[in-house]
1. Starting with the highest mean, order 115-124, 43-52 by the number of other Cβ atoms within 10 Å, averaged over the residues of each peptide.
2. Kindly provide the Kirkwood hydrodynamic radius of the range 3-127 in Å, to one decimal, from all pairs of distinct alpha carbon atoms.
3. Along the range 81-98, what does the Karplus equation 6.51 cos²θ - 1.76 cosθ + 1.60 (θ = phi - 60°) give for ³J(HN,Hα), rounded to whole Hz, x for Gly and Pro?
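Taken together, the values in this text are just the output of simple stated rules run on the coordinates, not laboratory data. Not measured: the values here are computed from a predicted model. Glycine also receives a Cβ, built like all others from the backbone with ideal geometry; neighbour counts cover every protein chain displayed.
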Amino acid sequence: MSIKREVSMSLRRDLFYILMVIFAAFIFVTEEFNPFAFWNMLPILVAFGIYGRWRQNAPNPRRYPAFGCLIGAMLLIVPVHIAWLFDIGGFASGSSTSGITFLFLPFFALVPAVIGCIVAMGIDQFKNP
């Protein structure tokens, strides 16, 4: 394996961990360090599991699916948390049951996570046949 490839793989690994920590910190801060934040981090943990599985099983690890999963999930989770934090359109204060959104958010976030994973797998197959 060339040095350039090893550096590239190391940078991708570090970038994945940095993104994961940033998104986890974002969830904790917007939920004011609520223990329920662990539940809302479920898509991040799924992406971490995908990342670990691809890293261990392949002699030529493919990390794009984990990136796709993480980014896909965050495309739904981040806007919902921002809408709640800034009460955009009365999202947080418009209903007494608006907090239930966070009960189902991890399940809803898995849909774009799976789509992101599939798209990333296609990109990975195209880039590394």
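1. Values: 115-124: 17.4, 43-52: 19.3.
Taking the mean over residues of other Cβ atoms within 10 Å, the ranking is 43-52, 115-124.
2. Working: mean 1/r = 0.0648 Å⁻¹.
15.4 Å is the Kirkwood radius here.
3. So the Karplus estimates, Gly and Pro as x, are 5, 5, 4, 5, 5, 9, 6, 5, x, x, 4, 8, 9, x, 8, 6, 10, 5 Hz.
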